[in-house]
Amino acid sequence: DRLYQKFILNGVPIIIGEFGARDKMFNLKDRVDYSSYYVSSARARGITCCWWDNNAFFGNGENFGLLDRKTLEWKYPDIVVALMENTK
């Protein structure tokens, strides 16, 4: 809401270039729900978002990967669908 008030209402476009939800094993539904909410809330305010896909899928770090760049396959297609459906 603060971005909307300060920028969008004053004709300044906004792109949120890094957001995501880490893979913590067994939290796919939460990640899908979060993705849907975040993108639809931003879109309702005229804000565009880009998921932070760092191609990380394993370990204890920031596992934000969606697209496996070696196989060109979506590892989490449910998240991709949620992102795409809520950008309209």
Task: Set of aspartates and glutamates near K24 by C-alpha distance (under 12 Å), chain-local residues within fewer than 8 positions excluded - done: E62
Task: Reach of K6 by Cα under 30 Å, taken over lysines that are not fewer than 8 positions away in the same chain - done: K88
Open item on the list: Using 0.36 nm times the number of residues separating D30 and N60, minus their current alpha carbon distance, what extension gain do you get?
Closed with: 9.0 nm
Task: Protection-proxy order for peptides 2-12, 46-56, each taking the mean of Cβ atoms within 10 Å per residue, highest first - done: 46-56, 2-12
Task: Estimated FRET transfer efficiency (A44, M84; beta-carbon r; R0 22 Å; 0.05) - done: 0.85
Task: Summed residue charge, Cβ within 15 Å of R31's Cβ, Lys/Arg positive, Asp/Glu negative - done: -3
TODO: Determine which lysines satisfy two conditions relative to K29: a Cα distance under 17 Å, and not lying fewer than 8 residues away in the same chain.
DONE: K75
Task: Stokes-Einstein D for the chain, Kirkwood Rh over Cα pairs, 4 °C, 1.567 mPa s (µm²/s) - done: 94
- [ ] Kindly report the accessible area of the chain per residue (heavy atoms of protein chains, probe 1.4 Å, no ligands, DNA or RNA), in Å².
- [x] 71
TODO: Run the dipole for the chain about the Cα centre, Lys and Arg Cβ at +1, Asp and Glu Cβ at -1, nothing else charged, and hand back the magnitude in debye, nearest 20.
DONE: 220
Open item on the list: How large a share of the accessible area of the chain, in percent, is made up of carbon and sulfur atoms when the probe is 1.4 Å and the other protein chains stay in place?
Closed with: 56
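The values are calculated or read from the model by the stated rules, or taken from the named source; none is laboratory data. Treat the numbers as computed from the prediction; the structure is a model and nothing was measured. Quick reminder, even Gly has a Cβ in these numbers, built from the backbone with ideal geometry, and neighbours come from all protein chains shown. We work out accessible area using only protein heavy atoms, side chains counted, and drop any ligands, DNA or RNA first. Shrake-Rupley method; radii C 1.70, N 1.55, O 1.52, S 1.80 Å.
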